[in-house]
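Peer 1: Quick one: this structure, given as structure tokens, is what I'll be asking you about.
The values are calculated or read from the model by the stated rules, or taken from the named source; none is laboratory data. This is a predicted model, so every value here is computed, not measured. For neighbour counting, all protein chains shown are included, and Cβ atoms are generated from backbone atoms with ideal geometry for every residue, glycine included.
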Amino acid sequence: MPTMEKPLTRNIRSDGAALERAAYERAGGYEGLRKALRMTPEAVLDTVRRSGLRGRGGAGFPTGVKWSLVPRGADAPHPKYLVANADEMEPGAFKDRFLLEKDPHQLIEGMIIAAYAIEADVAYIFLRWAYREAKEALSRAIAEAAEHHCLGKDILGSGYSLEMIVHVSAGRYICGEETALLNALEGKRANPRSKPPYPQMVGLWGKPTVVNNVETLCNIPHILKNGPDWFKGLSHTNDSGTKLYGASGKVKRPGLWELPMGTTAREILEEHAGGMRDGLRFRAAIPGGASTEFITEAHLDVRMDFDEIRKAGSRLGTGTMIVLDDRTCPVGLLWNVERFFAQESCGWCTPCWSGLSWVEQILGAMERGEGEEGDLEILREQTKFMAPGNTFCALAPGAMEPLASGLNYFHGDFERHIREKRCPYSPPL
């Protein structure tokens, strides 16, 4: 794929240092903003809608449609808010951190354009507390943008003004749910809100608010600069653009790559990640962070986009693969995953706080050789008990996706743990 066709990463420096404003502008930065400010907000929104951009945070909701739900016109309530969700806490995900640390002006430009399109007055970057390097890069970039009139009052002489604030969060996984994020931003406990009303109408401090993922917003300057048809042409499938795909686990080259949307899991694994380490075989992968179903060897040629991967019974999610090899215990992997989700439950609804804790305890007992007959049936029942529609938000249903598929694909491994009273992947005592 030619360098010019990797818009999100084309400006990343080889030494890993964050790109400063002057270098960003020499590379074409802020051209999308200048073009947007010569258009009406409605025209900018329509451009994004026609591009087919879908949210890169996991759900894949059409970005232009999301923006269009914000009240507009003279009677619309103000202030309006735009929030970049940079509280990246999905296990296995590290794509947003890469963009934040290496090319912060790209996010800032995307946020200004998005804020202009929805007529927002204030923009927040809701940043995970551990991303200290990202905070420094963003703070410097915001100051540079303001100094050169790309941010603040009367941006580039357009008459449009925007205040941008970096908010360092306390960092909980539940903040990936946009209404829990808004509660946290208001200084409240990070519990999800009931919907409707949706944040686009009643969001931060009761005002219209749009929450977008970092990677989503980083696409906006390139869409405005090059047009929606160009963006559609970057993809292998009907889902537009490029995607940051990643792989972690026992592969030869763990990492992150910008590739056409719809690249197959096989290409990501074998060509970019270099295949499995010597002496190991691929067994399965969780394709989109920890809250997606496993895919196996039979699914590697399915295209990794929002719609095609559903044919393999999974979701694209973050697009960052966690790879399972043939010498790693799948029950132990799932115990680790479910322990994380149980710890991160906000406790707002009973199925989540009670069910996840029970699941974690059962899996832990299996790993310690304390599994009992009937445990598998209990686990299967829990995947139904915490299915979509039975909990207040999507945390618990997401936690059940890898477990439900794991019970299917690794049934024999679960049975051996119970029958042999030990983890068969560990050496006997």
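Peer 1: Can you tell me how many residues in the range 72-102 are closer than 21 Å to Leu204 by Cα, within 12 Å of the chain's Cα centre (by Cα) and modelled with pLDDT of 95 or more?
Peer 2: To start, the set of residues in the range 72-102 that are closer than 21 Å to Leu204 by Cα comprises 72-88.
The next check asks that each one be within 12 Å of the chain's Cα centre (by Cα); those that pass are 84-88.
Now restrict to residues that are modelled with pLDDT of 95 or more: 84-86.
So the count comes out to 3.
Peer 1: A further question follows. Is it the case that Ala312 is touching an Asp or Glu at 6+ places or on another chain (Cβ under 6 Å) and closer than 30 Å to Tyr245 by Cα?
Peer 2: On the way: touching an Asp or Glu at 6+ places or on another chain (Cβ under 6 Å): no; closer than 30 Å to Tyr245 by Cα: yes.
Spelling it out, it is not the case that Ala312 is touching an Asp or Glu at 6+ places or on another chain (Cβ under 6 Å) and closer than 30 Å to Tyr245 by Cα.
Peer 1: If Phe341 satisfies every condition in (1) over 22 Å from Phe414 (Cβ atoms); (2) buried (at least 18 other Cβ atoms within 10 Å of the Cβ); (3) among the aromatic types (Phe, Trp, Tyr) but one, which is the exception?
Peer 2: Evaluating Phe341 over (1) over 22 Å from Phe414 (Cβ atoms); (2) buried (at least 18 other Cβ atoms within 10 Å of the Cβ); (3) among the aromatic types (Phe, Trp, Tyr) leaves (1) as the failure.
Peer 1: What's the total number of residues in the range 263-284 that are part of a loop (DSSP other than H, G, I, E, B) and over 22 Å from the mean Cα position of the chain (by Cα)?
Peer 2: Of the residues in the range 263-284, 7 are part of a loop (DSSP other than H, G, I, E, B) and over 22 Å from the mean Cα position of the chain (by Cα).
Peer 1: So Val214 ticks every box in (1) touching a strand residue (DSSP E or B) at 6+ places or on another chain (Cβ under 9 Å); (2) over 24 Å from Ile322 (Cα atoms); (3) buried (at least 24 other Cβ atoms within 10 Å of the Cβ) but one. Which box is left unticked?
Peer 2: If we test Val214 against (1) touching a strand residue (DSSP E or B) at 6+ places or on another chain (Cβ under 9 Å); (2) over 24 Å from Ile322 (Cα atoms); (3) buried (at least 24 other Cβ atoms within 10 Å of the Cβ), just (2) comes out false.
Peer 1: Further, regarding this structure: Any chance the range 380-401 includes a residue that's part of a loop (DSSP other than H, G, I, E, B), in contact with a helix residue (DSSP H, G or I) (Cβ under 8 Å, 6 or more places away or on another chain) and modelled with pLDDT of 95 or more?
Peer 2: Yes, some residue in the range 380-401 is part of a loop (DSSP other than H, G, I, E, B), in contact with a helix residue (DSSP H, G or I) (Cβ under 8 Å, 6 or more places away or on another chain) and modelled with pLDDT of 95 or more.
Peer 1: Next up: So is Val202 free of Cβ contacts under 8 Å to residues at least 60 places away in the same chain and either over 24 Å from Arg132 (Cα atoms) or acidic (Asp, Glu) (or both) or not? Reasoning before the result, please.
Peer 2: Working: free of Cβ contacts under 8 Å to residues at least 60 places away in the same chain: yes; either over 24 Å from Arg132 (Cα atoms) or acidic (Asp, Glu) (or both): yes.
For Val202, the condition - free of Cβ contacts under 8 Å to residues at least 60 places away in the same chain and either over 24 Å from Arg132 (Cα atoms) or acidic (Asp, Glu) (or both) - is met.
Peer 1: Residues to consider are Glu5, Glu25; find the one that is among the acidic types (Asp, Glu) and more than 27 Å from Ile309 (Cβ to Cβ). Spell out how you get there, then give the answer.
Peer 2: On the way: Glu5 fails: more than 27 Å from Ile309 (Cβ to Cβ).
After applying the criteria, what remains is Glu25.
Peer 1: Please state which of the following conditions His222 fails to meet, knowing it meets all the rest: (1) in contact with a helix residue (DSSP H, G or I) (Cβ under 7 Å, 6 or more places away or on another chain); (2) part of a strand (DSSP E or B); (3) surrounded by 24 or more Cβ atoms within 10 Å (Cβ to Cβ).
Peer 2: Evaluating His222 over (1) in contact with a helix residue (DSSP H, G or I) (Cβ under 7 Å, 6 or more places away or on another chain); (2) part of a strand (DSSP E or B); (3) surrounded by 24 or more Cβ atoms within 10 Å (Cβ to Cβ) leaves (2) as the failure.
Peer 1: OK, next. Are any residues in the range 166-180 assigned to a strand (DSSP E or B) and under 14 Å from the mean Cα position of the chain (by Cα), and if so, which ones?
Peer 2: Here is the first cut: in the range 166-180, the ones assigned to a strand (DSSP E or B) are 166-168.
Once the filter is applied, which keeps residues that are assigned to a strand (DSSP E or B) and under 14 Å from the mean Cα position of the chain (by Cα), the range 166-180 yields nothing.
Peer 1: So which of Ala290, Ala312, Ala298 ends up being under 30 Å from Arg422 (Cβ atoms), hydrophobic (A, V, I, L, M, F, W, C) and at pLDDT below 95? Spell out the reasoning first.
Peer 2: Working: Ala312 fails: under 30 Å from Arg422 (Cβ atoms); Ala298 fails: at pLDDT below 95.
Only one candidate qualifies: Ala290.
Peer 1: Looking at the range 285-329, which of its residues are within 20 Å of Met400 (Cβ to Cβ), in contact with a strand residue (DSSP E or B) (Cβ under 6 Å, 6 or more places away or on another chain) and not in a loop (DSSP other than H, G, I, E, B)?
Peer 2: Ala285, Ile286, Pro287, Gly289, Ile295, Thr296, Ala312, Thr320, Met321, Ile322, Leu324
Peer 1: With the condition kept exactly as written, say whether any residue in the range 151-160 is part of a helix (DSSP H, G or I) and under 25 Å from Gly60 (Cα atoms). Before you say what the answer is, go through the steps one by one.
Peer 2: Looking only at the range 151-160, we keep the residues that are part of a helix (DSSP H, G or I), and these are 155-157.
After this cut, where a residue has to be under 25 Å from Gly60 (Cα atoms) as well, the list is none.
Scanning the range 151-160, I find no residue that is part of a helix (DSSP H, G or I) and under 25 Å from Gly60 (Cα atoms), so the answer is no.
Peer 1: Just to be sure I understand, how many residues within the range 196-211 are crowded, with 23+ Cβ neighbours inside 10 Å and in a loop (DSSP other than H, G, I, E, B)?
Peer 2: So the count comes out to 3.
Peer 1: So, one more: What's the number of the only condition in (1) touching a residue at least 12 places away in the same chain (Cβ under 8 Å); (2) out of contact with any helix residue (DSSP H, G or I) (no Cβ under 7 Å at 6 or more places or on another chain) that Val302 fails to meet?
Peer 2: Evaluating Val302 over (1) touching a residue at least 12 places away in the same chain (Cβ under 8 Å); (2) out of contact with any helix residue (DSSP H, G or I) (no Cβ under 7 Å at 6 or more places or on another chain) leaves (2) as the failure.
Peer 1: For Thr318, state whether it is surrounded by 18 or more Cβ atoms within 10 Å (Cβ to Cβ), among the β-branched types (Val, Ile, Thr) and without any contact (Cβ under 8 Å) to a residue 60 or more places away in the chain. Even if it seems obvious, please write down each step before you answer.
Peer 2: Details: surrounded by 18 or more Cβ atoms within 10 Å (Cβ to Cβ): yes; among the β-branched types (Val, Ile, Thr): yes; without any contact (Cβ under 8 Å) to a residue 60 or more places away in the chain: no.
Considered against the rule, which asks whether it is surrounded by 18 or more Cβ atoms within 10 Å (Cβ to Cβ), among the β-branched types (Val, Ile, Thr) and without any contact (Cβ under 8 Å) to a residue 60 or more places away in the chain, Thr318 comes out as no.
Peer 1: Also: Identify, from the list Ser357, Ser405, the residue that is assigned to a helix (DSSP H, G or I), at pLDDT 95 or above and surrounded by fewer than 18 Cβ atoms within 10 Å (Cβ to Cβ).
Peer 2: Numbers: Ser405 fails: surrounded by fewer than 18 Cβ atoms within 10 Å (Cβ to Cβ).
On inspection, the qualifying residue turns out to be Ser357.
Peer 1: Now a separate question. So which residues in the range 154-165 are more than 11 Å from Ile108 (Cβ to Cβ) and within 31 Å of the chain's Cα centre (by Cα), if there are any at all? I'd like the intermediate steps shown before the answer.
Peer 2: In the first step, residues of the range 154-165 are kept if they are more than 11 Å from Ile108 (Cβ to Cβ); the result is 154-161, 163, 165.
Residues satisfying the conditions are Ile155, Tyr160, Ser161, Glu163, Ile165.
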